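Student: Here it is, the structure in full.
The values are calculated or read from the model by the stated rules, or taken from the named source; none is laboratory data. Keep in mind the model is a prediction, meaning the values are calculated, not measured. So basically every Cβ, Gly included, is an ideal-geometry build from the backbone, and we count neighbours across all protein chains shown.
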Amino acid sequence: MTGGLIIAFSASGAKAAKEGPVIIMDQAEGLVIADPTKCVGCRRCELACTEFNDGKASPTIARIKISRNLNFGVNGIPTGQRGGGAWGNGLVIQDICNQCPHPVPCANACPNDAIVVRPPTNARVVDSKRCSGCKMCRRACPWEMMSFDSGTNKATKCFLCDGSPKCVEACPSGALTYAAWRDLTGKIPPRVAPTAIVAPEKAQTCNECHKK
Amino acid sequence: MAKHGGWAGKVLRVDLSTGKISTEDTLEKYRDYLGGTGIGYKVIWDEVQAGVKSFDPANKIVYGVGPLAGTGAPCNGRTAITTLWPTCWPKALVASGHMGGQFAAELKYAGYDAIIIEGRADRPVWLSVWDEKVEIKDARQLWGQGIRRTTIEINQQMGPEASVAAIGQAGENLAPMSVVMNSYSHSAGGVGGVMGSKNLKAIGVRGTGSVRIAGNKEEWEKLIKLHLSLLGANNQHVVPSNPQPWAEHYNAGSRWMASAGRRWGAANPSIDTGACEPHNLNRIAYRTNNAAYFLGDKAWQHTVRGNGCTACPIRCHTMLKVPAVSAKYGIPELGQNTCVGLLFGRAFFKSFPDGPKGQTAIEACMVGMYLADDLGVWDNYGQLQRDFQALYYNGIFKRKVAEKEFNSYSWNKYEQGDPTFLFELLPRIANKEGELATALGLGTGHLLERWGIPEQEWLENHDLLYWKLGHPKHHSNEDAGQCGVIINTQYNRDAQCHSHSNFTRNGLPIEVQKRLAAELWGSPDAVDAVAAFTPMNAHKAKMAKWSLLRKELHDCLSLCNWMGPWVASPLKEREYRGDDSIESLLYSLATGDKKSRQELDTIAERIFLLHRALTIRDMGAKDMRTKHDTIPDWVFTDPKDKAAFSKGTIRMDKEDIKLAMDMFYEEMAWDKETGSPTKATYRRLGLGTVADELAKRGLLP
């Protein structure tokens with residue numbers, strides 16, 4: 001690591017020059033793990049996420065996503081009664097944030113460096129003061145886990161409720177667990193191909209660190 | 001974002017005759033009626049003249065939800081659909097059908113508390129509600145398709161999250177015995193044909209907005225957790241069905257089925273439902289398995305999981321996987337529903353080769369759900385199947401139907417309990433093919449009239465459970481003695497009230513129930529042990545009034561009366577008390593409009609009174625006591641001729657029930673002689689103009 005070019009918002013709060021781009025390097029401490037065989041499709045997790053954090057019931061901005069897989073599964077309507085969800089085999093896949101390891105796609109795509117690491121969990125969180133509502137982060141996440149709150153005009157994502165996730169507490173079938181972080185990014189198939197690009201100055205930072 | 005918490009703030013009005021789409025301010029126009037059936041009754045009172053028939057363009061359909069729909073309040077998934085009821089005989093009167101699923105929440109997220117459908121489209125259409133974008137769309141391609149095909153095609157246009165309420169062929173063909181259905185298995189009976197009469201195939205709703213909680217979010221979280229802690233299993237049964245390490249009591253009749261060794265056998269890998277200790281809120285969803293409750297132990301091996309409505313941890317729909325049905329009947333191996341929807345196919349048959357809880361019975365359920373929930377046939381709370389058995393085994397079909405048609409059914413299969421018989425019967429009901437199927441699709445009252453069978457025969461028959469106006473009993477004397485009887489006199493279809501039976505059947509010992517009853521209704525004598533009934537007293541009338549008002553309140557707030565109220569709980573440390581104020585606590589915090597339990601009950605009374613006024617106006621009669629609030633003769637008989645009030649009978653005593661009605665009318669401050677509300681009562685509850693209108697028509701007592 002060459003000093004000065006990289007600002008890592010880490011658990012220890014280390015930061016360097018103001019003008020440099022934010023590149024998240026610290027691993028998250030925790031992660032929500034979901035078991036689809038136990039999911040009963042009640043969406044209490046989505047509601048706990050938004051009511052207890054935002055004061056409104058709003059599955060659209062929930063940071064755990066059930067609704068989109070509820071009826072037809074992750075492969076959607078074309079599978080009809082042969083896919084997942086209530087119309088298919090019954091399995092409801094709970095989409096959760098992987099709290100990606102470095103490089104963090106949503107954070108790297110943000111032109112305002114608004115996605116930062118926050119202790120104590122080191123979750124990747126949206127700093128709403130910096131977020132301009134441009135939605136670039138949504139284009140960056142292969143798992144479509146970035147939400148956009150049209151009420152506040154800000155992006156939002158799973159911040160692990162600072163270590164005691166409301167969704168886990170709310171699940172009536174014990175399908176969710178808060179566990180030590182592990183890298184699921186290679187295990188969970190992406191929902192979309194990301195279309196966000198990394199800004200040139202950040203790309204340069206990548207090259208600085210990963211010198212041949 | 002809405003100005004108020006809870007409500008979305010707008011009511012959507014769609015005139016299918018003119019294509020006009022408009023919105024109204026919910027609170028400006030309907031604040032005094034909360035939502036749900038409240039908006040429904042208000043619209044019908046204001047806008048639909050007496051004498052209009054169900055299938056007239058002048059009839060309206062009101063899809064209503066309430067301030068709690070779409071929130072995290074437990075059990076808020078129900079949509080109330082109010083209209084002039086097509087199976088209400090001899091004349092259509094106001095009633096409501098109720099469906100669970102995801103529709104109610106999605107409607108709120110789209111920004112609406114209700115949809116009022118009026119007029120008649122000149123060709124088949126469906127309604128697309130996508131946030132503020134509302135369109136009437138061509139449905140000619142969908143017409144003639146089942147509910148499942150229709151739903152999938154609309155989801156293709158609106159995305160997988162959209163909730164689609166659709167009718168099947170039964171509704172299109174104006175069979176009164178038809179449903180509208182959403183979320184695969186959640187139906188509202190009776191409404192399908194009214195939708196069909198308006199050429200409205202479906203309503204698709206997609207909402208990306210939110211429902212604001214007005215109160216402090218920490219307080220809301222605390223309240224939600226309190227409510228969750230008071231929940232039992234389905235029907236608010238608060239003790240387990242067999243002994244559990246944590247449980248002081250158990251009751252074999254309880255729907256709390258979970259137990260170590262009872263597994264969701266078709267989950268992969270299978271899941272043990274386990275002890276479900278009540279303080280563990282992460283196991284609530286395992287408590288209920290209605291397939292196992294109704295179909296016996298065999299159902300466990302077929303259970304994939306529980307399913308149900310938005311935000312409800314009680315999964316009263318059970319998803320079953322029965323691989324054998326795929327090869328045997330050519331239907332999907334998965335099926336799901338609850339209660340009479342689950343039993344739809346089985347209930348036609350008197351017996352099965354391997355008994356009532358064998359494999360064939362389960363297969364009959366699978367075939368029944370596959371057909372009925374796609375064709376959109378309603379069963380009128382099981383009356384269709386009870387009628388069918390009686391009409392066949394008493395030789396009435398044979399007498400009333402031409403020989404050629406009669407012989408076109410494989411009656412040998414029927415008698416043998418062969419589920420393939422359902423493939424002959426149910427499509428014909430939906431398509432009105434032939435006399436037999438057409439008559440069955442009319443509903444009991446109109447069927448009896450068509451075939452010249454005196455209603456009296458049905459009123460006297462203890463097995464048919466028929467009550468009045470073409471509809472059966474729904475939790476009557478068999479569950480709550482006189483209180484159940486009173487409740488079953490009040491509506492224009494089956495009563496659909498569970499406030500009383502959710503208490504009397506909660507599984508607690510009668511001593512505990514009596515202790516709680518004393519706190520709730522002023523005396524332990526308000527409740528009796530089931531089938532050990534005692535004579536009428538004023539506290540039973542209080543309980544009846546409370547039951548009816550809470551039912552109506554739930555239907556307006558969008559709380560599930562199949563689960564609430566929550567006045568008993570599984571918690572020993574609370575001495576099994578629930579909380580009689582949970583509705584008002586939720587309402588106050590969600591909306592920001594602080595109302596006490598009594599204040600909210602008063603609003604519920606206003607809404608219930610408006611239902612009464614509508615019934616009086618549309619019947620054109622004030623003598624409700626003898627013309628409307630009638631009780632079938634079978635209630636006063638016993639198959640073994642046991643005397644009323646003796647142990648083991650649900651038989652009621654005629655004089656005692658007269659007293660019961662007297663006490664109920666008195667409790668309601670209605671005129672005892674006619675059973676009609678008085679002018680003073682209308683005025684007290686803010687319905688002075690309603691009283692004036694009835695006075696003009698000579699319909700005040």
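Student: What pairs come up if the first residue lies in the range B:176-197 and is of a type in the set (Phe, Trp, Tyr), the second is part of a strand (DSSP E or B), and their beta carbons are under 6 Å apart, counting only those six or more places apart or on different chains?
Tutor: none
Student: Sticking with this one: How about the range B:293-341: which strands (runs of 3 or more DSSP E) wholly inside it have at least 2 residues that are polar (S, T, N, Q)?
Tutor: B:303-307, B:334-337
Student: On to the next question. Could you identify the single residue in A:Ala179, A:Ala193, A:Ala199 that is in contact with a helix residue (DSSP H, G or I) (Cβ under 9 Å, 6 or more places away or on another chain) and of a type in the set (A, V, I, L, M)?
Tutor: Of the residues listed, the single one that is in contact with a helix residue (DSSP H, G or I) (Cβ under 9 Å, 6 or more places away or on another chain) and of a type in the set (A, V, I, L, M) is A:Ala199.
Student: Identify all residues within the range B:173-201 that are within 20 Å of the chain's Cα centre (by Cα), of a type in the set (Gly, Ala, Ser) and under 30 Å from B:Ala439 (Cβ atoms); write none if there are none.
Tutor: Selection gives B:Ala175, B:Ser178, B:Ser185, B:Ser187, B:Ala188, B:Gly189, B:Gly190, B:Gly192, B:Gly193.
Student: Could I ask something else about it? Residues that are under 26 Å from B:Tyr109 (Cβ atoms) and facing another protein chain (nearest Cβ under 10 Å): does the range A:117-130 have at least one?
Tutor: no
Student: Output the residues belonging to the range B:452-480 that are free of Cβ contacts under 8 Å to residues at least 12 places away in the same chain and part of a loop (DSSP other than H, G, I, E, B).
Tutor: Listed by number, the residues that qualify are B:Gly452, B:Pro454.
Student: Can you work out which of the residues in the range B:453-511 that are within 11 Å of B:Val635 (Cα to Cα) and hydroxyl-bearing (Ser, Thr, Tyr) is surrounded by the most Cβ atoms within 10 Å (Cβ to Cβ)?
Tutor: By that ranking, first place goes to B:Ser476.
Student: Can you name every residue in the range B:327-348 that is surrounded by 24 or more Cβ atoms within 10 Å (Cβ to Cβ) and within 14 Å of chain A (Cβ to nearest Cβ)?
Tutor: Answer for the range B:327-348, where residues must be surrounded by 24 or more Cβ atoms within 10 Å (Cβ to Cβ) and within 14 Å of chain A (Cβ to nearest Cβ): B:Leu334, B:Gly335, B:Gln336, B:Asn337, B:Thr338.
Student: Related question: Taking the residues in the range B:134-146 that are under 30 Å from A:Ile61 (Cα atoms) and aliphatic (A, V, I, L, M) as candidates, determine which candidate is nearest to the other protein chains (Cβ to nearest Cβ).
Tutor: It comes out as B:Val134.
Student: Now for a separate question. Kindly state which helices (runs of 4 or more DSSP H) lie completely within the range B:495-569 and contain at least 3 residues that are among the charged types (D, E, K, R) and in the same structural domain as B:Asp653 (by TED's automatic domain parsing).
Tutor: The helices (runs of 4 or more DSSP H) meeting that bar are B:510-521, B:538-557.
Student: A:Asp35: within 12 Å of chain B (Cβ to nearest Cβ), touching a strand residue (DSSP E or B) at 6+ places or on another chain (Cβ under 8 Å) and at pLDDT 95 or above, yes or no?
Tutor: yes
Student: Kindly indicate whether B:Gly159 is assigned by TED's automatic domain parsing to the domain that holds B:Gly19 and crowded, with 21+ Cβ neighbours inside 10 Å.
Tutor: Judged against the criteria, B:Gly159 is not a match.
Student: Consider A:Arg63 against the criteria (1) assigned to a helix (DSSP H, G or I); (2) within 18 Å of A:Ala34 (Cβ to Cβ); (3) of a type in the set (Lys, Arg): it satisfies all of them except one. Which criterion is unmet?
Tutor: Every condition holds for A:Arg63 apart from (1).
Student: Could you check, for the range B:273-284, whether at least one of its residues is under 24 Å from the mean Cα position of the chain (by Cα), within 10 Å of chain A (Cβ to nearest Cβ) and either part of a loop (DSSP other than H, G, I, E, B) or not small (Gly, Ala, Ser) (or both)?
Tutor: yes
Student: Does the range B:567-602 hold any residues that are buried (at least 20 other Cβ atoms within 10 Å of the Cβ), under 29 Å from B:Asn251 (Cβ atoms) and of a type in the set (S, T, N, Q), and which are they?
Tutor: B:Ser569
Student: Next question, about the same structure. Has the range A:71-85 got at least one residue that is within 8 Å of chain B (Cβ to nearest Cβ) and among the hydroxyl-bearing types (Ser, Thr, Tyr)?
Tutor: Checked against the condition, which is being within 8 Å of chain B (Cβ to nearest Cβ) and among the hydroxyl-bearing types (Ser, Thr, Tyr), the range A:71-85 yields no hits at all.
Student: Also: If a residue has to be outside any loop (DSSP other than H, G, I, E, B) and closer than 30 Å to B:Thr318 by Cβ to count, how many in the range B:86-106 make the cut?
Tutor: Adding up the residues that qualify gives 9.
Student: Just for the range A:57-70: of the residues that are buried (at least 23 other Cβ atoms within 10 Å of the Cβ), within 8 Å of chain B (Cβ to nearest Cβ) and touching a residue at least 40 places away in the same chain (Cβ under 8 Å), which one is nearest to B:Ile213 (Cα to Cα)?
Tutor: Looking at residues that are buried (at least 23 other Cβ atoms within 10 Å of the Cβ), within 8 Å of chain B (Cβ to nearest Cβ) and touching a residue at least 40 places away in the same chain (Cβ under 8 Å), I get A:Ser58.
Student: Moving on to the next point. Among all residue pairs at least 6 apart or on different chains, which show Cβ distances below 9 Å where the first residue, located in the range A:142-171, is away from every other protein chain (no Cβ under 14 Å) and under 20 Å from A:Pro190 (Cβ atoms) and the second is surrounded by 15 or more Cβ atoms within 10 Å (Cβ to Cβ) and of a type in the set (Asp, Glu)?
Tutor: Partner pairs satisfying both residue conditions: A:Trp143/A:Asp95; A:Met145/A:Asp95; A:Ala155/A:Asp149.
Student: List pairs: first in the range B:154-166 and closer than 13 Å to B:Leu142 by Cβ and more than 9 Å from chain A (Cβ to nearest Cβ), second surrounded by fewer than 18 Cβ atoms within 10 Å (Cβ to Cβ) and of a type in the set (A, V, I, L, M), Cβ under 6 Å, 6+ apart or cross-chain?
Tutor: Every condition considered, no pair remains.
Student: Test of understanding: among B:Lys217, B:Lys201, B:Lys222, which residue is crowded, with 23+ Cβ neighbours inside 10 Å, of a type in the set (Lys, Arg) and farther than 19 Å from B:Thr338 by Cα?
Tutor: B:Lys201
Student: How do the pairs read when you match residues in the range B:300-311 that are more than 7 Å from every other protein chain (Cβ to nearest Cβ) and over 23 Å from B:Gly70 (Cβ atoms) with residues anywhere that are assigned to a strand (DSSP E or B) and of a type in the set (Lys, Arg), using Cβ under 9 Å and keeping only pairs 6 or more apart or on different chains?
Tutor: Pairs that qualify, where the first residue is more than 7 Å from every other protein chain (Cβ to nearest Cβ) and over 23 Å from B:Gly70 (Cβ atoms) and the partner is assigned to a strand (DSSP E or B) and of a type in the set (Lys, Arg), are B:Trp300/B:Arg263; B:Gln301/B:Arg263; B:His302/B:Lys321; B:Thr303/B:Arg263; B:Thr303/B:Lys321.
Student: Here is a follow-up. Only one of B:Thr649, B:Thr630 is surrounded by 16 or more Cβ atoms within 10 Å (Cβ to Cβ) and either outside any helix (DSSP H, G or I) or at pLDDT 95 or above (or both). Can you tell me which?
Tutor: B:Thr649
Student: Can you tell me which residue among B:Ala324, B:Ala292 is of a type in the set (A, V, I, L, M, F, W, C) and crowded, with 19+ Cβ neighbours inside 10 Å?
Tutor: Just a single option satisfies the conditions, and that option is B:Ala292.
Student: I've got another one for you. Out of the residues in the range B:366-397 meeting the condition of being in contact with a Phe, Trp or Tyr (Cβ under 6 Å, 6 or more places away or on another chain) and of a type outside the set (A, V, I, L, M), tell me which one is surrounded by the most Cβ atoms within 10 Å (Cβ to Cβ).
Tutor: B:Gly368
Student: Just give me the residues in the range B:82-91 being crowded, with 24+ Cβ neighbours inside 10 Å and either in contact with a Ser or Thr (Cβ under 6 Å, 6 or more places away or on another chain) or among the basic types (Lys, Arg) (or both), in sequence order.
Tutor: B:Thr82, B:Leu84, B:Pro86
Student: Of B:Gly6, B:Gly51, B:Gly19, which residue is in a loop (DSSP other than H, G, I, E, B), over 22 Å from the mean Cα position of the chain (by Cα) and within 30 Å of B:Lys627 (Cβ to Cβ)?
Tutor: So the residue among B:Gly6, B:Gly51, B:Gly19 that is in a loop (DSSP other than H, G, I, E, B), over 22 Å from the mean Cα position of the chain (by Cα) and within 30 Å of B:Lys627 (Cβ to Cβ) is B:Gly51.
Student: Taking helices (runs of 4 or more DSSP H) that fall entirely within the range A:118-210, which contain at least 2 residues that are under 15 Å from the mean Cα position of the chain (by Cα) and among the hydrophobic types (A, V, I, L, M, F, W, C)?
Tutor: Qualifying helices (runs of 4 or more DSSP H): A:136-140.
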